[in-house]
Amino acid sequence: MSLLVVGLSHRSAPVSVLERASLAAETQAKLLQDTLAAEPATEAAVLATCNRIELYADVDKFHAGVAELSTLLSQHSGVGLDELTPYLYVHYEDRAVHHLFSVACGLDSMVVGEGQILGQIKDALALGQELHTAGRLLNDLFQQALRVGKRAHSETGIDRAGQSLVTFGLQQLAGGADVSAWAGGKRALVIGAGSMSSLAAATLARTGVAEIVVANRTRARADRLVEILGQGGTAARAVEMAAVSGELTRADVVVSCTGATGLVLTAEAVAEALGVAFDDAAEAPAAPLAPTAELDQHAAWVENGSATAQERPVRRATVPAQNSGPARLALLDLAMPRDIDGAAHRVDGVRLVDIESLAEASADAPMAADVDQVRTIVADEVAAFGAAQRAAHITPTVVALRTMAADVVAGEIARLDGRLPDLDDKQRAEITQTVRRVVDKLLHAPTVRVKQLASEPGGAGYADALRELFDLDPQTVAAVSRADLNDPNRGRS
């Protein structure tokens, strides 16, 4: 296994860089195809969320792989390599497995324990399978990551350590009040109909809002979401994106999470909807005098180990001061790059919470014993995954050895037929079975033992030793590996 991951996240890069480096769906597909075409990589998968962009690959050369993956991320994100490099982190082999498993458990999320990342990992795997860039290693890795994440959520109380970004964002908008009491009876506008927007709509429905309006670029998806909300008894309707400005005048709460590359709501549009003046040139109010929070504190629960590229803490600006008094319009921006102009917080009567302010607020989230329990699960699963991969690495060699032994038995029985043509069928069958039993007994203990040894750290060399000792044909071993890789039932759960 030569697994390499190169990426950046809210832990290593400021929001401004993450926004510019975000990858649209079609860009992700092109990135995977170009990664597979690169010399060091034989498999590739990309995990792109609102607060992380990570490129996974099976490489045959570490340094060349790091250089190539970094360059590809730069080219497809549009952020210059010199600017991007200081924010990139690198994990290799077991450390890369540890990183993905930690991500899957929510230990590396802005809000520790949130479960949305599992859906995003599943989407990353599906894209790699669809484009045939995810082979045996990455299929096994991502499938196992999903199982580890589900195990963490089912066996521990990691959900209590944090909430989804939607829930956490609504809590921030409520300003400490009970979310249901705060949201009850309000009109909500949800912009976007993807997974995060759908979660936001469902969460708002549970809080008891009076109405949910869904606006989306593709009307059919908005209609589908409205249909689902209606089945739950929530008053909901779908509108075109062109109707957002009009709906904004009637909304009390707006949640936006689209894949747009530009702003969906400008500060001027927000001000116009509220019927207030907005001076874009006006100087923003001073931020509260409070110490800034570093995101590495929030992620201190995740053992980072020996990253081979710079992974430094990022000091964020404090959350912008909000207008005093009750908010006439509450805005929750969960998109990356952002959908809502950050200057909207300066509009009278507006309260804005976005990804950056959520990172600030979650930095001081209380640690729980459940986090330590999840870390233990991750460590155990990393060890098990490594052992399984090492054992799987020697399996084609063992199969090739047994195939060679079977060929030898068949050849010797054929020679015996030539020397003793008078043997009847019963005698020939008995001799054949005896020879096969002898060979099987001779090979049983060594092959079982070599699989055990190969599963231990440093056991990768046993396959080479077996091939050398028995003079196995490398093409036969490779053919077994290809047959295993092309098994349509492999990697399906």
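The values are calculated or read from the model by the stated rules, or taken from the named source; none is laboratory data. Here the structure is a predicted model, which means the values were calculated and not measured. FYI the Cβ positions are ideal-geometry reconstructions off the backbone, even for glycines, and counts take in every protein chain you see. Areas reflect the complete protein model, heavy atoms only, side chains present, ligands, DNA and RNA absent. Shrake-Rupley method; radii C 1.70, N 1.55, O 1.52, S 1.80 Å.
Using the structure shown, decide if Thr234 is within 15 Å of Leu199 (Cβ to Cβ), under 29 Å from the mean Cα position of the chain (by Cα) and either open to solvent by less than 40 Å² (accessible area, probe 1.4 Å) or modelled with pLDDT of 95 or more (or both).
On the way: within 15 Å of Leu199 (Cβ to Cβ): yes; under 29 Å from the mean Cα position of the chain (by Cα): no; either open to solvent by less than 40 Å² (accessible area, probe 1.4 Å) or modelled with pLDDT of 95 or more (or both): yes.
So Thr234 fails the test.
Look at Ala251 and say whether it is part of a loop (DSSP other than H, G, I, E, B), in contact with a strand residue (DSSP E or B) (Cβ under 6 Å, 6 or more places away or on another chain) and either open to solvent by 40 Å² or more (accessible area, probe 1.4 Å) or modelled with pLDDT of 90 or more (or both).
Yes, satisfied.
For Pro40, only one of the following conditions fails: (1) surrounded by fewer than 18 Cβ atoms within 10 Å (Cβ to Cβ); (2) at pLDDT below 90. What is its number?
Condition not satisfied by Pro40: (1).
Within region 22-35, count every residue that is touching a residue at least 60 places away in the same chain (Cβ under 8 Å) and either β-branched (Val, Ile, Thr) or touching a strand residue (DSSP E or B) at 6+ places or on another chain (Cβ under 6 Å) (or both).
3
Could you tell me which of the residues Ala269, Ala273 is part of a helix (DSSP H, G or I) and either buried (at least 20 other Cβ atoms within 10 Å of the Cβ) or modelled with pLDDT of 95 or more (or both)?
Ala273
When you go through Ala410, Ala406, Ala463 one by one, which is the residue that is closer than 29 Å to Ala388 by Cα, surrounded by fewer than 16 Cβ atoms within 10 Å (Cβ to Cβ) and of a type in the set (Gly, Ala, Ser)?
Sole residue among the options that is closer than 29 Å to Ala388 by Cα, surrounded by fewer than 16 Cβ atoms within 10 Å (Cβ to Cβ) and of a type in the set (Gly, Ala, Ser): Ala406.
Filter region 149-165 down to residues that are assigned to a helix (DSSP H, G or I) and open to solvent by 50 Å² or more (accessible area, probe 1.4 Å) and give me whichever is modelled with the lowest pLDDT.
Arg160
Inspect all residues belonging to region 342-356 and state whether any of them is open to solvent by 60 Å² or more (accessible area, probe 1.4 Å), farther than 30 Å from Ala21 by Cα and at pLDDT 80 or above. Let's see the steps before the verdict.
So in region 342-356, the residues open to solvent by 60 Å² or more (accessible area, probe 1.4 Å) come out as 348, 351.
Now drop any that are not farther than 30 Å from Ala21 by Cα, which leaves 348.
Now drop any that are not at pLDDT 80 or above, which leaves 348.
Yes: one or more hits.
Quick check, is Ala215 out of contact with any His (no Cβ under 9 Å at 6 or more places or on another chain) and open to solvent by less than 60 Å² (accessible area, probe 1.4 Å)?
Taking the combined requirement at face value, the residue satisfies it.
Would you mind stating whether Glu19 is of a type in the set (D, E, K, R), in contact with a Leu (Cβ under 9 Å, 6 or more places away or on another chain), farther than 12 Å from Tyr87 by Cα and in contact (Cβ under 8 Å) with a residue 60 or more places away in the chain?
no
Residue-wise test of (1) at pLDDT below 90; (2) small (Gly, Ala, Ser); (3) surrounded by fewer than 22 Cβ atoms within 10 Å (Cβ to Cβ).
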site	(1), (2), (3)
Gly175	yes, yes, yes
Ser180	no, yes, yes
Val190	no, no, no
Ala205	no, yes, yes
Ala220	no, yes, yes
Arg224	no, no, yes
Gly230	no, yes, yes
Asp279	yes, no, yes
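Got a number for residues in region 113-145 being small (Gly, Ala, Ser), assigned to a helix (DSSP H, G or I) and open to solvent by 20 Å² or more (accessible area, probe 1.4 Å)?
The number of residues fulfilling the criteria is 2.
Within region 1-21, can you find the residues that are in a loop (DSSP other than H, G, I, E, B) and crowded, with 22+ Cβ neighbours inside 10 Å?
Pass one, region 1-21, residues in a loop (DSSP other than H, G, I, E, B): 1-2, 10-14.
Those that are in a loop (DSSP other than H, G, I, E, B) and crowded, with 22+ Cβ neighbours inside 10 Å: His10, Arg11, Ser12, Ala13.
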